[in-house]
Structures are given as structure tokens and as C-alpha cells.
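The values are calculated or read from the model by the stated rules, or taken from the named source; none is laboratory data. None of the values given here were measured: they were computed from a predicted structure. Because the Cβ atoms are built from the backbone with ideal geometry, glycine has one as well, and the counts that use them run over all protein chains shown. These accessible areas exclude ligands, DNA and RNA; they are computed on the full protein's heavy atoms, side chains included. Shrake-Rupley method; radii C 1.70, N 1.55, O 1.52, S 1.80 Å.
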Amino acid sequence: MTSSTTTNAEASGSLMKKLPTVLTVFRIVMGPVVAALVLWGATVTHSDPTLAGLIYALGFLLFVLAAVTDWLDGWIARKYDAVTPLGAALDHSADKVLITCILVALAYAALPMQLVVAAVLILGRDVAVAGLREGIAAQGKTLPVSQLGKWKAAAEMAGVAAFLAFQTAALLQQSAALVIGLFWGARLLLWAAAALALISGAQYLAALLKRQA
């Protein structure tokens, strides 16, 4: 192997080690960006439904792209042995920023009241668990992510994507079957996420109390 080939391989390896962090930062940035698109779309929903639908469509595409990076950055980090404590912390924060920004924007601009309740439960649980993690970290301990917590994260991601797709389909006057299907899909997924949020939150609290006993 020539020195040039070796240098190129090292440069490629170095780039791949940095890529997970870049993807994580992208996910953090997409939280406020998609939230801004939701709020913008809400301001023109009645005056220009087609424009609003296109805005929601862009928000949907960016959100799905950001959600995919949640899996991709972890896969790259493991494959190229680029897992670091900072990267893991940023990855966890990125998920929360992405979901929190968009759920708050949707709750303000578009969600029906029953889904606003689901969003409040999800976000309230996230704040409570973050406080638990901070408290236990101050004692030099960690609180590992539970399997239910992972399912909750998947359900809320899918639920937000389904609701953005519902808004897009409704505003762009797609078929009634598609619009209704997307709405009920979003409703079921977000309530499933809310239920899993409460259950997993109770699990975290029980685990913490057990450690303190």
C-alpha cells in the first residue's frame, strides 16, 4: 500500500469518525427549523392552503431526514469505533431538541386538543426524566435507557411524522381515505407514545428509588 493510499484511507477514516457528530448537530438544528416551518404554515393555512401544504411537506421531509440520522449516526459510530461520552450525550439531547421543538410548535399551531394533552404528557415526562438523570449523575451514577423508553421514542417520531404528513395531505386536498388514515395513525402513535412515556417514566423513578434504598 502506497503512502498516498494510506493517507487517503486515514483521511476517510477520520471523516467517518466525525460524521456521527455532524449528523447529530444536523438533528439538533432541524428541531427549530421544522418548528419554524410549522408555525409559518399555520399563518397561511387559511389564506393560501396550497402554500401551507407545501410548507408542511418540506417540514415533513426534513423531519424524516433528521429522524433517519438518529439511527444512522449510531450505526456509523459503532462501525468506525467512534462512540464517545460526548457523542452519546449529544445524541440523546438531539432527540429531545428535535421532538420538543416540533411538538411545541404543533401543539400551538395545529394539534387538536386531545393530542395537545398527549404532547404535554410526553414532554412533561421528558423533563422529569431529564431531572432524574441530572440528579443521579451528580452522584456519579447513570440511569440507562429502558427498552420502553426506546419504543416511546420510536412512537413519538412516527407520530409526529404521521401528523406532518396528515397536514400536508389535508392542505393539498389528497384523498379522504389518505387524510383520515394519516390522522388516525398520528393519533394512535402519539397516544401510544404518551402511554409509554408514563410507564417508562415510572420505571425510571422506581429504578432510582431502588438505588437509593
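Would you mind computing, in nm to one decimal, how far apart the modelled labels at residue 199 and residue 54 are, each placed 7 Å from Cα along Cα→Cβ?
Output for this residue pair reads 4.3 nm.
Take residue 25 and residue 145, extend 7 Å from each Cα along the Cα→Cβ direction, and tell me the distance between the two endpoints in nm.
With each label point 7 Å from Cα toward Cβ, the separation is 2.1 nm.
Over the range 89-213, what percent of the accessible surface lies on carbon and sulfur atoms, probe 1.4 Å?
71
Taking 7 Å along the Cα-to-C-beta vector as the label spot, tell me the residue 180-residue 134 distance in nanometres, rounded to one decimal.
For the pair residue 180/residue 134, the computed spacing is 4.6 nm.
How long are the three semi-axes of the equivalent ellipsoid of the range 88-138, in whole Å, if each is the root of 5 times an eigenvalue of the C-alpha gyration tensor, listed from largest down?
Here the semi-axes work out to 24, 13, 6 Å.
Give me the percent of the accessible area of the range 31-75 that comes from carbon and sulfur atoms, probe 1.4 Å, all protein chains in place. Could the numbers behind the result be given before it?
Values: 1770 of 2210 Å².
Answer for the range 31-75: carbon and sulfur cover 80 percent of the accessible area.
Which order do the peptides 147-153, 105-111 take when ranked by the mean count of other beta-carbon atoms within 10 Å per residue, highest first?
On the way: 147-153: 17.3, 105-111: 19.1.
Listed from highest to lowest mean packing, they are 105-111, 147-153.
Averaged per residue, what accessible area in Å² does the range 19-85 show with a 1.4 Å probe, protein chains only? All intermediate terms of the calculation are to be shown ahead of the outcome.
Numbers: 3530 Å² over 67 residues.
With the other protein chains kept in place, the range 19-85 gives 53 Å² per residue.
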